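Chemist: Dumping the structure here so I can ask a few things about it.
The values are calculated or read from the model by the stated rules, or taken from the named source; none is laboratory data. This is a predicted model, so every value here is computed, not measured. Because the Cβ atoms are built from the backbone with ideal geometry, glycine has one as well, and the counts that use them run over all protein chains shown.
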Amino acid sequence: MLAADFQTGLMRRAFPGEISMLVLAFLIGCVAGLRTMTAPAAVSWAAHLGWLPLDGTGLAFLGAAVTPWLLTLAAIAELVADQLPRTPSRKVPVQFGARIVSGAVCGAAFGIVEGSVIVGLIAGVAGAVAGTLVGYELRSRLARAAGRDLPVALLEDAVAIGAAAWIVTSV
């Protein structure tokens, strides 16, 4: 009986009728794994619009008036650059590292809301690693099957943008 009550209590806390911040932190990390700058742009818009309360925290700068615009420009530039043939693999150390940092910051933003910045940060990093590796593998396989990379890259862009929008509006 005690084990069942404990498990039920964990599920209620993790999924109290809404998606838990820990799950959202992991998912926004996955978005960072797909597109490095899309995740922080979405988180910044959420903070700026008051959906993600970061005022008075170390990440309050994400909600500043200019930050979402700058991060959106960076995200657009990344979307364009990703289509270029000379763009390095997301798995090279610099690219992979940037995705991990992006996931960590974005996950931490969700963690702050939940009261545990470290847990959010870790979830964001885990999501970024998963998003990077799974995204790479899926895109590679789909591009081989399609015979072209561009349609698959555009699909990946749409998934990253759509997921980011859904995640930040689920707060």
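Chemist: Hey, among V134, V125, which residue is crowded, with 17+ Cβ neighbours inside 10 Å and modelled with pLDDT of 95 or more?
Modeler: Answer to the selection: V125.
Chemist: All but one of (1) under 30 Å from D55 (Cβ atoms); (2) touching a residue at least 12 places away in the same chain (Cβ under 8 Å) hold for G97; which doesn't?
Modeler: So G97 meets the others, but not (2).
Chemist: Let me ask something else about it. If you check V113 against the conditions, is it of a type outside the set (K, R), assigned to a helix (DSSP H, G or I), within 18 Å of A39 (Cβ to Cβ) and modelled with pLDDT under 95?
Modeler: When the stated conditions are applied, V113 passes them.
Chemist: Scan the range 150-163 for residues that are closer than 21 Å to K91 by Cβ and either surrounded by fewer than 17 Cβ atoms within 10 Å (Cβ to Cβ) or hydrophobic (A, V, I, L, M, F, W, C) (or both) and report the count.
Modeler: Residues meeting the conditions: 8.
Chemist: Quickly run through the range 72-89 and pick out the residues that are surrounded by 14 or more Cβ atoms within 10 Å (Cβ to Cβ) and touching a Phe, Trp or Tyr at 6+ places or on another chain (Cβ under 8 Å).
Modeler: If the condition is that a residue be surrounded by 14 or more Cβ atoms within 10 Å (Cβ to Cβ) and touching a Phe, Trp or Tyr at 6+ places or on another chain (Cβ under 8 Å), then T72 is the only one that fits.
Chemist: Output yes when any residue across the range 76-91 is at pLDDT 95 or above and within 14 Å of the chain's Cα centre (by Cα), and no when none is.
Modeler: no
Chemist: Something else: I'd like the residue in the range 38-53 that is buried (at least 23 other Cβ atoms within 10 Å of the Cβ) and of a type in the set (A, V, I, L, M, F, W, C) and, out of all such residues, is nearest to A143 (Cα to Cα).
Modeler: The qualifying residue nearest to A143 (Cα to Cα) is A39.
Every residue, every condition in (1) among the basic types (K, R); (2) at pLDDT 95 or above; (3) assigned to a helix (DSSP H, G or I); (4) within 17 Å of V129 (Cβ to Cβ), yes or no:
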position	(1), (2), (3), (4)
L22	no, no, yes, yes
L27	no, yes, yes, yes
T36	no, yes, no, yes
L52	no, yes, no, no
L62	no, yes, yes, no
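Chemist: Anything in the range 66-86 that is free of Cβ contacts under 8 Å to residues at least 40 places away in the same chain, of a type in the set (A, V, I, L, M) and not in a loop (DSSP other than H, G, I, E, B)? List them, or say none.
Modeler: Answer for the range 66-86, where residues must be free of Cβ contacts under 8 Å to residues at least 40 places away in the same chain, of a type in the set (A, V, I, L, M) and not in a loop (DSSP other than H, G, I, E, B): L70, L71, L73, A74, I76, V80, A81.
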